[in-house]
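Chemist: Sharing a structure, written as structure tokens. Questions coming.
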Amino acid sequence: MNGIEQLCPNCGLCCNGVLFADVELRPGDDARRLEESGLKLARKGRRQAFAQPCACFDGKFCGIYSGRPLRCRTFECGLLQRVQSGELAPDRALKSIAQTRRQAEIVRGLLRQLGQNDERLPMTKRYAAVMSAPIDLSDCQIISERRGELMLAVDELMRQLQRDFLK
Ligand code: SF4
Ligand code: SF4
């Protein structure tokens, strides 16, 4: 088994809205075919992009793997690169993935407790929505505590993503 087969079905962080908020198309991508495959494209500056969590991700696999966009074909997170090069053992990488997925679940739980239930949005947007919402003074203490927990949990998640996936 290669690194992709070993790691990616156990991860999904680059497709499920945790690592990225969207994916931009590249020259050479066939926008019409990708839309027919289920991706909803929108203009982002000079390029087209689709939002994450990706509509073609089933929680484990890419539903359009053989026809996925160029950015998806070329992206390899740091963890995958280190496994492919032999620098990191697959079981160590799988432990990092499990730890980061657990941390993402903690963040999701806090977002839900703070009333942010829209799982269609990427995590950064859900976090921004919660933190920019005015605090109801009658719930002030509880909400403030939850927001504090959320900030710490997101901080830890970002640290793990930077350390293991984005380097
Ligand atoms: S973040 Fe890395 S290990 Fe996880 S699915 Fe993407 S490429 Fe695979
Ligand atoms: S097209 Fe496939 S590889 Fe690309 S983000 Fe969506 S599920 Fe992931």
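Chemist: Scaled to the compact-protein estimate 2.2 N^0.38 Å, what is the alpha-carbon radius of gyration of region 17-167, rounded to two decimal places?
Modeler: Here the answer is 1.19, to two decimals.
Chemist: Next question. As a footprinting exposure proxy, order Thr74, Thr124 by other Cβ within 10 Å, with the fewest listed first. Could you put the intermediate results ahead of the total?
Modeler: Details: Thr74 8, Thr124 16.
Arranged by neighbour count, lowest to highest, Thr74, Thr124 become Thr74, Thr124.
Chemist: Using alpha-carbon positions, what is the distance between the centroids of region 111-167 and region 53-106, in Å?
Modeler: Between the Cα centre of region 111-167 and that of region 53-106, the gap is 23 Å.
Chemist: May I have the extent of the alpha carbons of region 89-167 along their three principal axes, as whole Å values ordered from largest to smallest?
Modeler: Per principal axis, max minus min of the Cα coordinates gives 51, 24, 18 Å.
Chemist: Then there's this: Relative to the longest principal axis of the C-alpha atoms of the chain, give the angle of the C-alpha long axis of helix 123-132, reported between 0 and 90° and rounded to the nearest 10°.
Modeler: 20
Chemist: How tilted is helix 90-113 with respect to the longest principal axis of the chain? Cα atoms for both, answer in degrees (0 to 90, nearest 10).
Modeler: So the inclination is approximately 40 degrees.
Chemist: Still on this structure, I have one more. Counting only C-alpha contacts under 8 Å and six or more residues apart, can you give the relative contact order of the chain as a whole percent?
Modeler: Working: 173 pairs, mean separation 44.5, N = 167.
In percent, rounded to a whole number, it is 27.
Chemist: I would also like to ask the following. If I take every Cα pair under 8 Å that is 6 or more residues apart in region 89-167, average their sequence separation and divide by the length, what percent do I get for the relative contact order? Mind showing how you got there, number by number?
Modeler: On the way: 34 pairs, mean separation 32.4, N = 79.
Taking the mean separation of contacting Cα pairs over the length of region 89-167, I get 41 percent.
Chemist: Taking the Cα centre of the chain as origin and charging only Cβ (+1 Lys, Arg; -1 Asp, Glu), how large is the dipole, in debye to the nearest 20? Walk me through the intermediate numbers first.
Modeler: Working: 27 positive and 21 negative charges, 95 e Å.
Charge dipole, the chain, about its Cα centre: 460 debye, nearest 20.
Chemist: Turning to a different aspect of this structure: Straight-line reach from Lys44: which lysines have Cα under 20 Å away, leaving out those fewer than 8 places along the same chain?
Modeler: Partners found: Lys125.
Each reported figure results from applying straightforward, stated rules to the coordinates on display, with no laboratory input. Because the structure is predicted, anything quoted here is derived from the model rather than measured. Backbone-built Cβ (ideal geometry, glycine too); neighbour counts: all protein chains shown.
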